[in-house]
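One structure is given here, and the rest of the page talks about it.
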């Protein structure tokens with residue numbers, strides 16, 4: 001190879017790195033902390049408007065749908081926390097939540113061509129995660145795994161005393177929500193724990209916005225009764 | 001947002017979630033090797049080589065070659081015919097009612113139907129899938145299904161279940177809509193297979209023990225009716241009609257499917 005010839009691997013590697021840099025810029029825009037110019041004027045110019053950020057997400061999705069894994073990575077970085085936390089809320093186990101989150105992104109990748117890029121990605125990912133978690137809850141392997149964990153003698157890394165009152169209160173609320181039906185849990189987690197707007201909650205659950213509101217009303221009423229009856233400290237704590 | 005909703009949002013902010021693992025890193029690592037062979041690890045390369053050698057060795061043995069090559073594909077369903085065990089009494093000699101009673105009592109059947117994942121209504125199911133959920137027009141009094149389920153198997157699969165009007169605690173038939181791209185069914189071993197047609201399209205009529213399993217390995221596909229299965233497909237959907245009726249009756253039901 002002469003000095004003027006470039007190694008195809010070097011060229012490809014450089015292009016790949018440039019792509020990652022560009023896409024990470026887009027990720028920072030999506031996340032809302034893109035403060036410096038990274039070379040994509042479109043990203044910087046429109047970073048403060050969610051509409052434009054969404055447009056940028058759809059560009060990344062289109063690239064990813066064409067098989068570009070470098071475009072998929074920043075999208076995963078942007079949404080992995082929401083997907084993981086949602087799965088954890090639904091299943092109550094970090095290992096299972098991690099499995100579900102990984103499977104969610106793999107399946108979403110495999111079906112990106114079917115995804116309507118005019119829509120935000122997050123509700124679709126949460127919808128996939130929700131379906132996977134629902135199946136997982138019913139699978140026999142889950143109960144075996146839970147049984148195995150029950151026999152582990154590891155102590156929790158933190159004691160109750162070490163946790164702040166806020167954490168205890170939040171975990172008590174979680175315990176209360178977990179007594180509800182799976183569908184009621186889903187809508188409460190999406191709307192209040194993950195703070196999705198009604199429109200995205202509707203998309204994640206494949207239901208109309210009006211149905212979200214009516215289901216929420218019913219779920220909240222049930223939750224209110226459960227807190228009153230079984231978790232009185234929670235309501236007292238808030239009143240105080 | 002009312003006061004209670006605001007309280008929920010405030011309290012939930014205090015959740016001590018476990019740290020989010022590097023999911024993006026894991027998934028990226030899973031995706032990249034598939035698209036750039038030169039990154040294939042030595043372990044994978046060795047595993048692949050061993051599998052290829054085993055496959056080639058098996059192909060040299062005539063019976064094994066037959067077992068590998070001979071299967072029937074209808075839509076996404078792949079059927080591997082198995083030799084009939086001489087000790088097993090053919091299921092066709094039993095009456096359909098006897099078959100139901102062999103597996104479960106009627107009450108157990110209804111309890112089982114209540115536990116299947118994804119129970120919903122017909123209207124809600126239609127909103128969740130992009131393909132039309134067809135209903136049989138035959139028999140004339142069949143009406144809407146008694147149970148409807150939507151299950152995600154890399155594509156929303158619809159399952160309709162009708163109870164027997166003469167014996168409301170017994171399942172009359174179930175109809176599955178499996179969209180293209182769903183997990184492929186890899187293991188099926190009916191004792192009797194027969195090629196037939198539904199509206200002129202090739203179909204398979206399968207009788208006998210018929211364990212199904214998705215490639216996912218996590219979700220076992222359980223038969224709802226312990227009878228026979230008629231499988232056919234169009235461009236995007238594979239249909240499975242489970243019933244203990246005869247082939248003629250089942251085909252007539254299949255051919256009567258229309259949009260409601």
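Does any residue of region B:93-102 turn out to be part of a loop (DSSP other than H, G, I, E, B) and modelled with pLDDT under 70? Yes, the conditions are met somewhere in region B:93-102. The number of residues in region B:1-23 that are over 19 Å from residue A:84 (Cα atoms) and outside any helix (DSSP H, G or I) comes to 2. Within this structure, residue B:180 fails the test of being within 11 Å of chain A (Cβ to nearest Cβ), modelled with pLDDT under 65 and under 30 Å from residue A:124 (Cβ atoms). For region A:229-240, the candidate set comprises residues that are more than 15 Å from residue A:178 (Cα to Cα) and within 13 Å of chain B (Cβ to nearest Cβ); within that set, the residue that is modelled with the highest pLDDT is A:233. Where helices (runs of 4 or more DSSP H) fall entirely within region A:172-237, those with at least 1 residues that are over 20 Å from residue A:134 (Cα atoms) are at A:198-205, A:209-230.
In the condition set (1) more than 14 Å from chain A (Cβ to nearest Cβ); (2) part of a strand (DSSP E or B); (3) crowded, with 18+ Cβ neighbours inside 10 Å; (4) at pLDDT 85 or above, residue B:202 is compliant with all but (3). Exactly one residue among A:107, A:114 is at the interface with chain B (Cβ under 9 Å from one of its Cβ atoms), over 20 Å from residue A:191 (Cβ atoms) and at pLDDT below 85, and that residue is A:114. Taking the criterion of being at pLDDT 85 or above, under 21 Å from residue B:7 (Cα atoms) and more than 11 Å from chain B (Cβ to nearest Cβ), would at least one residue in region A:156-170 satisfy it? Looking through region A:156-170, none of the residues is at pLDDT 85 or above, under 21 Å from residue B:7 (Cα atoms) and more than 11 Å from chain B (Cβ to nearest Cβ). Restricting attention to region A:171-211, the residues being more than 10 Å from chain B (Cβ to nearest Cβ), in contact (Cβ under 8 Å) with a residue 60 or more places away in the chain and surrounded by fewer than 16 Cβ atoms within 10 Å (Cβ to Cβ) number 1. The set of residues from region B:122-145 being more than 30 Å from residue A:203 (Cβ to Cβ) and in contact with a strand residue (DSSP E or B) (Cβ under 7 Å, 6 or more places away or on another chain) comprises B:136, B:137, B:142. Only a single item in (1) at pLDDT below 90; (2) more than 30 Å from residue A:69 (Cβ to Cβ); (3) within 20 Å of the chain's Cα centre (by Cα) is not met by residue A:178, and it is number (1).
The values are calculated or read from the model by the stated rules, or taken from the named source; none is laboratory data. Treat the numbers as computed from the prediction; the structure is a model and nothing was measured. Methodologically, a virtual Cβ is constructed for each residue, glycine included, from the backbone with ideal geometry; neighbour enumeration extends over all protein chains shown.
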